[in-house]
Structure formats: structure tokens, C-alpha cells
1. Of the listed values (1) 19.8, 72; (2) 17.6, 54; (3) 23.1, 84, grab the one calculated as Rg and Dmax of the Cα atoms in Å from the structure here.
2. What value, in deg cm²/dmol to 500, does the helix sum -39500 (n - 2.57) over DSSP H runs of n ≥ 4 give at 222 nm once divided by the residues of the chain?
3. What spacing in nm lies between the two simple spin-label points modelled at ARG45 and SER126, each 7 Å away from Cα in the Cβ direction?
4. Between VAL74 and ASP22, what length in nm is gained on full extension when 0.36 nm per residue of separation is reduced by their alpha carbon distance?
5. Once label points are set 7 Å from the Cα along Cα→Cβ at both ALA174 and LEU96, what is their separation, rounded to one decimal in nm?
6. So between ARG58 and PHE3, what do we pick up on full extension, going 0.36 nm a residue minus the alpha carbon distance?
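All of the numbers you see were taken from the coordinates with simple rules; none came from a lab. Just so it is clear, the structure is predicted and the values come from calculations on it, not from any experiment. Note that each Cβ is placed from the backbone with ideal geometry, even for glycine, and that neighbours are counted across all protein chains shown.
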Amino acid sequence: MSFTSTKKGQFAYFDTQLGHPDWSGRTVLDFGGNVGVLLEEAAGRIQPSLYWCVDVARDAIEEGRRRRPEAHWVRYDRYNPQFNPAGIPGLALPDLGTRFDYVLAYSVFTHTPDDETVELVRALRSMLTDDGLLAFTFIAPGWAPRGEGQKSNVRWRLSSRSLGNTAEPPPVPAHLEPVVERAGKAPRCTVVDDTLLLDEHVPNGPCGRYDVLWSPDHTRSLFPAAEVRPPAAPERQHCCLLGPAD
């Protein structure tokens, strides 16, 4: 299965969330970085030889290696119901042979069950340097950009793909309105294919989509030491910051 992403804006997002740091000489792990758009958009601010990309998508890793062979590209064949349904459940993170000043994960744990996220975050924090930072995104169900008529995140996720992925997405069907309203106020909810669920639901097999949405409070309950920052425009995703594991 091929999941080569065309999403852009990751570098600008993390650069803002991290306070515009000096990236020079910093080791960076782009966890779930696909073809390495973050490295491309850094425009030389991240040194390719100090950049690692780990992803479950074989085609993306091969394409990234073709584009920037001086960087480090690692296939991580772990099971995910949406992006790698033929992968190995619970596969441990590979030993990358170095520690990282920054571990960045954009829209990775938005497709991962809570228990696996906690496990992976613990492992990623163990890869940080003594003053390193892990930054990852999450989608808050009830959050909406400022401005009249802006959709909440749960409405955005429902309309963006499952209802057609058109230039002007259709409204949420009337029969879903009560559950959508509850989901916007819930600590977490899950979208599996076209179904919105108010609790955690892990598909038993492959699915077309698997979106996990967390409130900031739910994120803090999973990671009490975290600093949670609001979305950096124009993105809709919050940012969770954590230092090295204790």
C-alpha cells in the first residue's frame, strides 16, 4: 500500500511551536515524516546528514531516499489499521544509533490508539538528548479556528474525506448531529471510516481511515509532564511538548 503524503507546512508549524530555534547542528528525528517534506521546507536550516525520517510507508521512505540520499531513511514495519495493515503489531522502534535534539511527529498519534501512543512516546523520549524536546500534534474535537462559520475539528474530520473530499464539503448529515455535538465536548472520540464514536475504538482489521481526536485535558491525563500549546495558524492541530523520559 502506498501512502505518499503531499501535506506541507510541517516545518513552519514546528518552528513556530518551538519558538524559532537555531536548527543548525541539531539532530532531528521526523517520526512519521513520510517523504521528508519537513526537511525540504526547512530550506537548509536542518542539515540533511543530521535528519532521520522513520515511517511505516515503504514507498514514502524509498521516495525520500531518492530525493535526499544524504539523509537517513528508516522503514518501520509496524501495524497500523489505516497506513500499514500488513505490518507487525507492537513492533519496537528501531535503534537509530544516535540521540536527537528534536523528535517531531506531525499527525502521527492522530491515527494511533492511546495505549500505543503512550508506549511510542515513552520510547521516543528515551531517544532525546539531555535537553532535547519531543513535539507531536493532536486534534482537539471541539476546537475551531476563529471566524464566523468555521467548523469544529470533529466536523472538519468528518467532512474532509469521509463525506466526499470535495472543494466545498457537504454538511454533516442531520442524523449525526446529536453525536457530533457530544463529540465536540468529549475528552476523546474516534472516526473509523464513516463512523463517529465517542470512545476509543481500535479496528480489528484494515480500514480506510482511523482518526483519533483528544481534548487538551485528555492529552494532559496521558502525559502529565507535557506542555500543551494551541494550534499555530493556519494549522488546526494542538502541540504537545515533552522532554527526556525520567
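1. Structure-derived value, by its label: (2).
2. About -6500 deg cm²/dmol.
3. 3.2
4. Here the answer is 16.2 nm.
5. That separation, rounded to one decimal, is 5.1 nm.
6. 19.0 nm
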